[in-house]
Structure formats: structure tokens, C-alpha cells
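Right, one structure below, let's go through it.
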């Protein structure tokens, strides 16, 4: 299956390129850019990953975003900045070019499924609606912090029904793209503001945990309060989660649920699916971004410090995950794999 | 007034030494230590502050903790590690040697006031009880994170009555003492665990906001959930605070309360009191530890990002303050000044 | 004396503004900018210093670089980026507007003195030549790293005559301006390349240590090899210096020379001159940027680890100094003070 | 071949354990420790590597350093701290227990080869001398910084003959062991002193590049000056090298020599040998520790910024390599492989 990649030179774009190199199902044949159109990918990109640029893409010419350039691909991944994404992604959607987007532009559209493959694969049924309207198929995956938060909440929500969430984040530098945060701003410092992030957590989490209805997703009935903070960490977002449920929660039982979580992508054995999407660490000081971000190639979220809150319906924990792998490119690829397994693309 | 300092070589001890140099009311004449007994202070201390060691203390011999060594002082400050503090502090208390302690050992004792001078100066009335029992006078100041959290909560609690708190902290390295956190552990990382800290926040905050009763302090009726995290910042703790009140909160009114907060230490013009104990920043990305920790010599707490939470009784904000100045030595000195102004010592 | 400042919103520009606030001799009345023309300085600047923006400049309107805007000032300081500096600075020079520039554009021009006030104040005699040609007066101060290197070399060169220098630098982030180095690039890393820096060290050091001749400066006869490296430090450049001299060097005698160095700016008691331009630390692990950069308000260079090299004519040491104060704005102001004291402006 | 490991819980010891897991030739059967004797390795170690503790060693009991405990092994690796190493290593040597040591204790002994397998494998001929005296076999590998420096110098020395070296280092935190450098000391800072390091570079480099003679190694005739500095980098030492040779050096030819360097370990295809021991990067800002430390599993040294110095016999470059892999455990294992291939053990 030939795939195209929109915005392939940014930090998330690079992860797509890295993870699509030698992918068993997808062959990356088109990379688009903006300021670097006409250059070979190897020259165009300011490569920031530890591996080398995959040889097979070094000489590939970066082209501009256009339907013409995408006419020979079967699927398009989007790693566009949100502002630039909306117009062109809408064009793809209306032309019926299959799209899996990591951009935020379409995430909250009523007929566009916003999906973490392990959390709400059933939302992909919206694609049937799309077909009726002769649009799509299109699906999106959520913001990186929302992903690290919501993946471990899923089995807990299923068991105890979430009612309220207080979240504080410790977000890595790569989440700001490149060049991103100036080093002078963040060394010996933390910055307690990330534009748009808290609202994304509030909205996207409720959509992810929502239920499919006739004309879209009914958002989960859930109060969410979030404070998002940038910290001097290269990769790996961490969230401190204080969750309140409708029912009493037993910490040991909750831990068991997290450890045993093995939903559809794992059962299907999708190529990019980690063996266990949620890892639980029982050391008192884990998870930590530097040690846990690369768990199962960066596709697992690691949870720790599970403990009771102020009352028996309250559970506190900490979770960390790789923001550009599980939180972006890796998850979008996993989503496309799920869609293909379900013959939606 | 001659003062002695217990544990003068540690990180908090050094701050005491720095801040007591040329203090208008207190003359530091005795410094105790443990492994460095018999050395001059200048040799004994691994000085970690940016200023130089005050000349007048360089040649002062470090002595061991003993009543004998403290017989000529009118007041003792304690910067002892908590484990070592209890026994010797109790001895001082029973011998009637005035003590202001930054150690956690006695903070939760029923007849020992735990005081932030701007928050609960009325708790000092417990000293009358102490006198009746022929102990003390002794007072303590709270943990550094609790201080940064509770100081700005005070005027809000007075106006709206706190009901529930969710707190996540971003704590500086100096809070762990010296040598403290190994650099290999924290570079490109955060560590979501600080021994004992979350419990201190829960207990001490409730005592600080509590009310004086016959036999001690009635703890404030308040649910507190906290996650404490170490971050790679030299000095300055930051807290993300999600507060719920009994009454509706107006964000602008709350800001006004914080800005106008000018309690007893300010009215008395105590030497170490900042002009304004709470600063409010309206930029969207402030406060930040590196820029705001030294506000008014490190004695002010800076608040920002005041905003509504999920409902009208909920208020979210971020606060930062210097953990070894306002959060430790500076506050203990301010407390002693208040006690002297009230003739309690 | 009314002064104007070119490029007042950048990192060096801000230092000028901070240090010119309440200056006893200079009154800053004009600030120029580029993208921020028309805004008040308080809005225009992304302030990165720990102090607040001086009140008196908050409302000052940023104007563009033009002779018209500078017609009422007696002296111009330049903190322009080098590329932009050349043309406009040349215009000022030819119009006879007194200029003290921290930009690199004119540093190597034959009739332009490149001066560290403590090192080569005699080079200011070039201004007499300038007058003959109806240009200037104009003087420049060197690159930040060159300054930290050359200031302590001066008394050693006078005593033993430098022959060869091997230098490796550890340069702070603020030296790259703002936004400067992306945080993702430098966290848990060092970057062994700084554009143009090694050549500046080679050329400027030889000019600073050179001698005045009929038509300019005769460069010192000196081999210099340098490797410049960016490190994750906010402020304060450090250099490891391996120096070879024509004559034998005694380490103790060299230390004495450094400690006793008290040249013209100190003898004149210029307002910005530190009491001792060179501090010597004898601890085995000093100087260090975080502890020594603010020595005498950032105007002193701190030297340590003085030791013999492979032979008796070789001396090794480490030096550190504040790159935007002694290495830029502070030094330019000191230079202007020296020029004024000598009635050259 | 059964092997024992002395000092298996420290930072270098952990690397040995990690790299000996599933080693094709060596089976690790004994791990010694000091404070952790009697515990299982999994409990005893404060694991600081990103991989998990190898399963097969988790339950292995840590034993004390004694001949008795090593009686069933065919080879001993030592990762002991130098102070503790000397006495026990000498005992092993005199009992004829084969020893490959990363400790510095015996490195400079006249009959003990100090070997980088790619640099001076011929020095292993000293083992024949050892046999005559009924000691050993014993071999050591050099200090981490010396390794990163000397490996790329080897082909250049062979071609042009080194005469003088000026070296400045940028050394990672893991080089100080664990807990090592306190985070409060090094954040926003560099520390220009590492105990003993400069002397090790001076002596070990000359021995490594020396020649075998009747009674030991004749040190290379070479002036070395070094300044060693700790920087806030987790892993990967970088050195700035200014080298002077007896003969003229052509930069392109030198680069070719480095790229083509393929000595004995590579020709033999030893299991731990990297394909190319020296990598050359031509980007202007490489190598960098974070990007290049893991080159070929951390066993390659990466060189860049090759350029001419002040004269035609002078060559400047920068090199980086992983200090606990190539600079310690990995290199010791490679050395043992070479010794086994040569049937010396």
C-alpha cells in the first residue's frame, strides 16, 4: 500500500519517516513539505532523531501539498501544523483520499473519529457515515498528552466510570516541534503554559471516552481540569492524574486491570502494536520519562504510583509515554493498521 | 539578641547563615554541626550559595548540639534534618530554650504552632499554653512546598472557604539538600516521587488553615490530594493548584484579594517581611521558577494563570516561591521576628 | 550626556538598557529596533533578565535606525547584529556621531580601536587619526569569549610575552542571542561549533594585544588555536587556556600578577569598573560559570586552576566571565566611560 | 568460558552485566560487590541503564571479592574502584587467575599491558613476560577520556608522528560513577576539575602509543597538556584535540586515514568489535554526545571538525565516544575477546 506523508520534515514528520521505513504494510512514496519543496529529503530535513535518516528516503524529492502529488498513493498521513492542515485536509476528505491525520484541525469534527486504537476502535464506525456522504475515509489520533492520559484511563473508566479528572502535565521539549522552546527559556526552569494544550485535553479526552451515536460521538460526561507545564526533558510526557469515579476503586484491582489490558490492536497483532499497551511499574519512583519513554519502542504507556486519593472513589497515578511515537506518529500508523485490518482503507 | 543555629552547614543552614549576617535584631553566635564539629565554619561548609560566605562567620568554630553550647543564646533556630531533630529539639523545649524550627519533627505536635507569619499568626497563642506547662516557647514553620501552596490560598480561603485541593508540584533540587539528587538521575528527566512530601502537604496545609482551640489546632476540613515531582531546577518550587471552594469564585475578585493581601508582618514592617507577600503576574506564561524565585529577595510567592476550573466554585492557578528562603530559612527568621515583635521571645 | 542604543531589544540590548538605567553619566533617550518599531519598549522586548524592565524605559517608543532619530544624542551604543551593523555604523562614523559598538562589523578595521579598557586603553589613540580624517570617534569592544580570554592574559603577556595559545571554550546559551539555540539541540548535549567564533578569537586577541603604529594596530605575533563549544549554561563563558610564553613562568608569580592587576579604569574609578577586573580563586574546582559569572556585578573575570604545562614556559588556567555583561554591554559602557574620562567623547 | 565480574553493581559494572548478557563466548557466573554482598543482583543494584536488568542475573547472589568465590571462573573482569582494586587485583595476578581490568590500579605497571584493542594490540606480548615470571595473564584498558582521545590519534600518529597534544574535555556525568556529581552542582554549570583525570590522560596516552621493549613499554615521546571539565551530559565524553606532528598533515589525507582505519579486532571480526572503530562526520557541528555516543552500540568513536591549526603540522579535531561502553566495559570485553582469539587466555 503506497502512502504519502504531509509535513514530513518536522519533528513528528521525521518520526513517521523513521517508523515507515521498512514497514511491512505501508510503502512511503511521497513526502510533502513547505519551505523545502524541491530539495531531497536528506537535505531538506533537520534530522533530530538518534538513528540515521533512512537511506531509501534521502534522495526522495520533497514536494508541495497538492492532490496531483498524491494521485498515486492509497493513503495519506498528515503531520501538518494545525493551522496549515485544515484547508488541505478538508480537500482530501472531500476528494475521497484516505487520510489518517495527527493534526488537530479535524479532531473535533462530528463525523471524524478521534481514535486511540486501544481505547475507542468502535468510533471508526463513523467512517460508514462518511461513506454515505461520499467523504473520507478520514480518522485522526489525539494530542500527545491526551494519549498518555487516556490510554491508562480506559480500563479504569470501563470498570468504575470516570466522573472527574485533575491532571498536571510535565511535557517534553519535542512536543513543541523544532526549533520549539528556546534553550535560554527552559534551562533551570519550567514553563507553566502551553498554548491550547489544556483545552485539547479537556475536549479530546471526553470525545475519546464518548459513545457513538447517530450523528457523531456523544462526549463522556466528565469534568476535567488540567494544568500543562513544559519541563526540560527531550522526549516523554508525564502526567500526574487524580481521578474520581462513580464507584469505589480498589487499588490492587485497578492495577490488575491495567496490567491485563489487551484490546483489539494487541489481539489482532498489528505490526506497530506493543505487546502490552500499558506497563505498570511498582517501584516507588517510577515511571520516569528518561527510563520509560522507550518502552516497547515508545509505543507503551507506563503507569506507576497507583494509590488511593482523599476518598475511596478516588485514584491517583502517574503515567508517562513517548510523545512523538505513542503520542503522534506511531499511534497514527497503528491507527492506519487497524483501519486496514478492518478493511476501512 | 544572640541566636544559635542548629545544623548550620546544610543547604537550609547556609541560608540561615546568609540571612542572619547583618540582621538588625539577631546576632548569630553559635553554629552547630555534626561531622564538621571542631572545624571553622568556612572550612566545614560546602557553600552552595552565590554570595560569598559572610566574613564574620568564617572563623567561627562549629560545635556539637548540646545545651552547654547554647547556654548564652536567647533563641535557637533549627535547620536539623528531621530524624536528628526530634530528640534534641524536645530537650530544648523542656529546658525552656526559645526555639524556632524549620525541621519537620515537631510540626504536627498539638501544642506546637506551625506558622506562616502571613497566614496564621494567631496560632502563636498556643505559646501561652506552652508557658502554662513550663515548656517552650517553640514554634515551627512548614515544609517548603506547603508554604508556596498555602500562602496564596489564605486570602482565598478567608473569602470563599476551601473544600478540596488537587496539587501537583514541580520541586527544585535544593529541596533535597546536599548532595541530594544525583545528577545522573535527573538530567533530561523528572522524578515523580519525593519521600514524605505528599503527606506533609496534606497534614500541614490543614493545620495552617485550622483554628485555635482549647488544646491545640483544629485542622481545616479540607480534602487534599497531591503528587510531588522533582524537576531539574536549582531553586524555586512551583505548584499547580486546582482548588474548590464552598462558594462561587470570581477570578477578578480573587486576583484582587491576592494583590491586596497585606497581613500582620507587612503591617508591622518586620525586617524580613516582603513588601507584598504575594505577587500576581498576568502574563500567560508566568510565574516561572528561574524568573520569579528571587522576588523580593526570595520572600514573596508569585502567582499566575488564575482561571476558572470546571465549575464556578473552582479556581485554578500556579504559584512559585524560593524553597530555601520563603520555604525555609527566611520564613523561620520572619517567624522569629514576629514572635519578638509580639514579645513571645 | 544623552545616549542612543541601536538594537535595544536583543539579549545584549537588554543588558545595555538594564545597565544604563540610573547610570551616573549617561542618559538613555533613544532605543532603536527593527521588527518592533513603533511599539513601546515594554511591549517590544521579550525581556530575559531577572530584574524587571526599568520603569523609565517601559513607555519609550522604539524607533528605527536613522540619523534623524539620533540627532539629539551625544553618543551611540550599538548592540546590532553584525550583519545589520556595518552599513549604518559606517554612516554614523562618517557623520561624526560618536559610536561605541559591541557589534563585530568594524572591529577589525584598521583605524577602529578594538578595546578592553583594562587591556589596551592606549589603542584609543587611533581616535586622533580618525579626527584627522574627519570620521568617528568610534571604538569597539571585542567578542565575549575573546574578552574572557584576553583580560587575564594581559598582565601575563606584559611579563612573559605570549607566543602560543590553545583555547577551548564552554560557551553559554545567551551568547547565541534569542531565541538562539533550540532547547532540543542542547539538553543532555554539547555542540562543538559556533559560527565565526574561533576566527574572532584568533584575530581579535592578536589585535587587542597588538601595538599602535602609524596606520593602525600591529597585531601581536602569536599563534592561536581555538575550539569553541556551546554548553547548556544560561550565562557565563568559560575558557580552558593553555598558554606558551617566550620566557619561563613561575605559577606563584603569575598568580600574583593576576591578583594585583589594577589598570587605568580601576585607577580612574570609572562608574562601571569593577574593583578588581581579575579575581583569582584557589579552590581546585573553581571558577564555575554559575558561581562566578556575577562576580562584581558580572564585570570581573575569574581565574583558577593556574598550573604549569608540559614545560616551564607553559602556563595553564581556566577563566570565566559573564558574556553579556563583561563580554558585551557592561564592557562597552565601561569603554565609553573611559573615552569620556579621556575627553574623547 | 566462565567469567567473574568484580564490582558488578557500579555504573561500569552494570555495563559489563548488560554486555555480557548473551555474550557468545563469555558466560558471567560470578558477580562480586561490597555493601551488597548476600543480596540478589536484582535487589543489590541501583540499575541506571535504559534496558531492563537481564533476567538471568536478577537472582544471582552478589558475593564478596575472594579467591574462593572465583575458583570456578576462567577469566575475571574488574570494574572495581581504583582504590579498592590494587590489593585484590595483585592477588589474582600472583595466583595466575586471568584478569582483564578496567580499574586504573595496575595500568601503569611496567609488565601490565594497557591496551586499546585497535591501537596497540602488540603490547599484549608483555603477557609472555608475565608467564616467565609466573604471574598473570593480566591486561588493562585505559581511562574513558584517554580512549576517546587515543583511538582516533592512532592512525594519525602512525602516519605523521605526534609531537604535542593540547586537549580539553567535556565529560559526561556517568563518568563520575553513582551517585557521582550532585545535580545541584552541575545544573546550569560546568565544573573544570576532575580528580586525577588530566594526569591519566598524560600518562596513559603515552603508554598506549609507546613501543614494546625488553622490560616493558617505552612511553611515546610526546608533550601532553590537558584540561578536564565535567558538563551536564548523561553519557558520552567529548574531547577537543589540538595535535602537532613531526610532519606536515593534509586534512583530506588525515580524514581518509581515519575513515579507512580497520585494525586487528575488525579483521578478526571479534564479537564486540564495531564494524568501523572510527566514524567521521562531515557536518560542521558534529560529533555531539547525544547524537553520536551510541554509534555502533557505543563501541565507535566519532570524529569531526577536522581542520588545520596554526601551521601545516598542526591538526585540530573533536571526538566523542560512549564513556561506559567504548570507554570502559565494552572495551574491556573487546580486549578479552582479542586475548582469547590470540589464545592468551
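The values are calculated or read from the model by the stated rules, or taken from the named source; none is laboratory data. Bear in mind that the values here come from a model prediction, so they are computed numbers and not experimental data. No Cβ is skipped: glycine too gets one built from the backbone with ideal geometry, and neighbour counts run over all protein chains shown.
Per the conditions (1) closer than 16 Å to residue D:149 by Cβ; (2) out of contact with any strand residue (DSSP E or B) (no Cβ under 8 Å at 6 or more places or on another chain), the sole criterion not satisfied by residue D:245 is (2).
Total residues in the stretch D:1-19 satisfying the condition of being touching a strand residue (DSSP E or B) at 6+ places or on another chain (Cβ under 8 Å), buried (at least 23 other Cβ atoms within 10 Å of the Cβ) and not in a loop (DSSP other than H, G, I, E, B): the figure is 7. When the stretch C:306-331 is examined, which residues are found to be in a loop (DSSP other than H, G, I, E, B) and either crowded, with 24+ Cβ neighbours inside 10 Å or more than 8 Å from every other protein chain (Cβ to nearest Cβ) (or both)? C:312, C:313, C:322, C:323, C:324, listed by residue number. If you go through the stretch A:246-269 one residue at a time, do you hit one that is under 19 Å from the mean Cα position of the chain (by Cα) and within 14 Å of chain B (Cβ to nearest Cβ)? The answer is no; no qualifying residue exists. For the stretch B:166-193, residues that are more than 9 Å from chain A (Cβ to nearest Cβ) and under 24 Å from residue A:315 (Cβ atoms) total 1. Among the residues that make up the stretch D:221-228, is at least one of them surrounded by fewer than 19 Cβ atoms within 10 Å (Cβ to Cβ), at pLDDT 95 or above, more than 7 Å from every other protein chain (Cβ to nearest Cβ) and out of contact with any helix residue (DSSP H, G or I) (no Cβ under 9 Å at 6 or more places or on another chain)? No - not one qualifying residue is present in the stretch D:221-228. Filtering the stretch C:150-189 to residues that are farther than 30 Å from residue C:245 by Cβ and in contact with a strand residue (DSSP E or B) (Cβ under 8 Å, 6 or more places away or on another chain) leaves C:173, C:176, C:178, C:179, C:180, C:181, C:182, C:183, C:185, C:186. Filtered by the rule that a residue be surrounded by fewer than 23 Cβ atoms within 10 Å (Cβ to Cβ) and within 7 Å of chain B (Cβ to nearest Cβ), the stretch A:278-289 gives A:284, A:285. Select from the stretch C:202-219 the residues that are within 14 Å of another protein chain (Cβ to nearest Cβ), buried (at least 18 other Cβ atoms within 10 Å of the Cβ) and either free of Cβ contacts under 8 Å to residues at least 24 places away in the same chain or touching a helix residue (DSSP H, G or I) at 6+ places or on another chain (Cβ under 7 Å) (or both) and list them in ascending order. Of everything in the stretch C:202-219, those that are within 14 Å of another protein chain (Cβ to nearest Cβ), buried (at least 18 other Cβ atoms within 10 Å of the Cβ) and either free of Cβ contacts under 8 Å to residues at least 24 places away in the same chain or touching a helix residue (DSSP H, G or I) at 6+ places or on another chain (Cβ under 7 Å) (or both) turn out to be C:205, C:206.
Which number in (1) in a loop (DSSP other than H, G, I, E, B); (2) in contact with a helix residue (DSSP H, G or I) (Cβ under 6 Å, 6 or more places away or on another chain); (3) buried (at least 23 other Cβ atoms within 10 Å of the Cβ); (4) within 14 Å of chain B (Cβ to nearest Cβ) marks the one condition that residue A:303 misses? Result: residue A:303 fails condition (1) only. For the stretch A:44-65, a residue qualifies if it is without any contact (Cβ under 8 Å) to a residue 12 or more places away in the chain and more than 22 Å from the chain's Cα centre (by Cα), and the qualifying residues are A:52, A:55.
Of all the numbered requirements in (1) in contact with a strand residue (DSSP E or B) (Cβ under 7 Å, 6 or more places away or on another chain); (2) within 11 Å of chain A (Cβ to nearest Cβ); (3) in contact (Cβ under 8 Å) with a residue 24 or more places away in the chain, residue B:234 misses one, and that requirement is (1). The number of residues in the stretch D:20-29 being in a loop (DSSP other than H, G, I, E, B) and buried (at least 20 other Cβ atoms within 10 Å of the Cβ) comes to 1. Report yes if residue A:310 is farther than 30 Å from residue A:73 by Cα and free of Cβ contacts under 8 Å to residues at least 12 places away in the same chain, otherwise no. For residue A:310, the condition - farther than 30 Å from residue A:73 by Cα and free of Cβ contacts under 8 Å to residues at least 12 places away in the same chain - is met.
Taking the stated definitions as given, is residue B:296 modelled with pLDDT of 95 or more, surrounded by fewer than 24 Cβ atoms within 10 Å (Cβ to Cβ) and either assigned to a helix (DSSP H, G or I) or in the same structural domain as residue B:11 (by TED's automatic domain parsing) (or both)? Judged against the criteria, residue B:296 is a match.
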